[in-house]
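Following: one structure in C-alpha cells, then a few remarks.
No lab work stands behind these numbers, since they all come straight from the coordinates. Not measured: the values here are computed from a predicted model. We place every Cβ from the backbone using ideal geometry, glycine too, and count neighbours over all the protein chains shown.
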Amino acid sequence: MTALETIKQHLHSGSVYRRADLEKWSNSVDRHLQQLQNEGLLIKLSRGLYYCPKTTVFGVVPADDVVLVRAFLKNDSFLLTSPNFYNALNLGTTQLYNKTIVYNHKRHGRIKLGKREFQFAKKTDFPTHLTPEFLLVDIVNDIDQLAEDKEQVLTQVKVKARSMDRQMLTKAVRDYGGVKAKKFFARTLADNSVGYFH
C-alpha cells in the first residue's frame with residue numbers, strides 16, 4: 001500500500017485535519033496534500049488546515065463549526081456564541097448578526113477558515129456551554145457593540161435579572177462580568193449584593 005493510499009484510509013468525511021495530522025502517514029506530505037485536493041478528497045480551508053468534504057444530495061456540506069474551530073485551535077477549550085443568541089432572552093432584541101464569536105484562551109481577531117469568518121476573542125474565563133445567566137452577563141459586556149437601543153436593552157436586562165436565580169446569576173457575574181457589567185448588576189440586584197461582584 002502506498003503512503004497516499006494509507007492517508008486516504010485515515011480520512012473521514014466531515015473531519016478537519018491539520019497538515020501535521022497527516023505527516024505521520026506520509027513521506028511527502030505537501031505532494032500528497034496537493035494530490036488529495038486535486039482528487040477532491042480534501043479542501044484547503046486555510047494555511048495548514050484541510051477539510052475532508054461530506055457530501056449529500058444537495059452537494060458538499062460545510063465543515064461543522066465546532067469541528068473546524070477545534071482543529072484550528074488544537075484544543076476543546078473554546079465557546080462558540082453569537083449576538084443572535086441574545087434574542088432568546090426575550091429582552092426585545094430583534095437584530096440578526098452575521099457573526100460567530102469564539103471565546104478562547106489563545107487567539108484574538110477576525111480569522112477566515114474556508115468560507116466562514118470567525119471573531120476570535122481571547123478571554124480568561126468562559127463557561128463550557130451557553131446558559132441564560134452567561135448570556136445576560138455577556139449582553140451587558142457587549143452592549144456597546146449592539147445595534148439595539150442600549151438604554152432600552154439595559155432596562156429589560158434589569159427586569160430579567162430580577163426574575164432569574166440570584167445565586168446562579170451572581171456567580172455568572174463574578175466569573176464572566178467585566179468591570180461595567182459587575183457595577184451594573186451590583187446596582188440591579190440591590191446594595192447588599194455589591195460584595196459578591198468584587
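Side notes on the structure shown:
- Principal-axis tilt of helix 166-176 within the chain, Cα atoms, nearest 10 degrees: 50 degrees
- For a label point 7 Å along the Cα-to-beta-carbon line of residue 24, residues of the stretch 50-83 with backbone N under 12 Å: none
- Overall, the stretch 66-197 carries a charge dipole of about 480 debye about its Cα centre when +1 sits on the Cβ of Lys and Arg and -1 on the Cβ of Asp and Glu, all other atoms neutral.
- Compactness of the stretch 3-61 - radius of gyration and Dmax, Cα, Å: 11.0, 36
- Cβ-defined net charge surrounding residue 127, 14 Å radius [Lys, Arg +1; Asp, Glu -1]: -2
- Note on residue 152/residue 75: beta-carbon distance plugged into 1/(1 + (r/R0)^6) with R0 of 25 Å gives a FRET efficiency of 0.05.
- Amide N proximity, the stretch 68-86 versus residue 163 label position 7 Å along Cα-to-Cβ, cut-off under 17 Å: 86
- Helix-only arithmetic for the chain: the sum of -39500 (n - 2.57) across DSSP H runs with n ≥ 4, divided by the residue total, places the mean residue ellipticity at 222 nm at -11500 deg cm²/dmol.
- Once the Cα atoms are used to define both axes, helix 132-141 deviates from the longest principal axis of the chain by about 80 degrees.
- By the Stokes-Einstein formula, at 1.002 mPa s and 20 °C, the chain with its Kirkwood radius over alpha-carbon pairs has D equal to 111 µm²/s.
- At R0 = 30 Å, FRET efficiency that the Cβ-Cβ distance of residue 65 and residue 187 yields, to 0.05: 0.25
- About the Cα centre, charge dipole magnitude for the stretch 100-156 (Lys/Arg +1, Asp/Glu -1 at Cβ), debye: 660 debye
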